[in-house]
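Inspection log for the structure reproduced underneath, given as C-alpha cells.
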C-alpha cells in the first residue's frame, strides 16, 4: 500500500502541482483547500504525511498542526509546513507546535521530494 499524503493548500496552482508531483512519484494523495476540509479528511483517513500551508482559510496551518499533534489517532502522522512566511520566529513557532519539517516558498520540486522521502523514510511509494 503506498504512503498516503494529505496536501492542504488553498492556492489552486500550487495544490494541483503538488498533487501531480506526488501522484507521479507513486504516493496516494488526498487534498483539502482549507483547514476545515483538512480536519474532515483527517477524520476519514489518517495520512502518513500532511503537507500543510500555513496561511489557510477557516483554520490556519499552525492551529491545524497543533490539532494533529493533540490527536492520539494521528500520532504517527508527519507534518511539513509549507509557507511563504520564512521568518525565524514563524519557523520556530511551527516546529514548537510539532511540525517535522518547514519548507518556505518558493521551493524546488527536488527540495520538496527530498524532504518528503526523508519524512516518510520506510514508507516508499508503491
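What follows is calculated from the coordinates using simple rules that are stated; it is not laboratory data. The structure displayed is predicted, hence computed values, not measured ones. Virtual Cβ from ideal backbone geometry, glycine too; neighbours counted across all protein chains shown.
Given a Förster distance of 22 Å, report the FRET efficiency between residue 43 and residue 12 from their Cβ-Cβ distance, rounded to the nearest 0.05.
Efficiency for this residue pair is about 0.40.
Quick one: work out the % antiparallel among DSSP beta bridges in the chain, nearest 5.
0 percent
At 0.36 nm per residue, and after removing the present C-alpha to C-alpha distance, how many nm does the segment from residue 96 to residue 113 gain when stretched out fully?
3.8 nm
Please list 4-13, 36-45 highest first by mean number of surrounding beta-carbon atoms within 10 Å per residue.
Sorting 4-13, 36-45 by mean packing, highest first, produces 4-13, 36-45.
Put one equal scatterer on each alpha carbon of the chain, apply the Debye formula with no solvent term, and list log10 I(q)/I(0) at q = 0.09, 0.12, 0.22 1/Å to two decimals.
-0.20, -0.37, -1.45
Going 7 Å from the Cα of residue 36 along its beta-carbon direction, which residues of segment 59-95 have the amide nitrogen within less than 17 Å of the resulting point?
Label zone hits: 59-61, 63-64.
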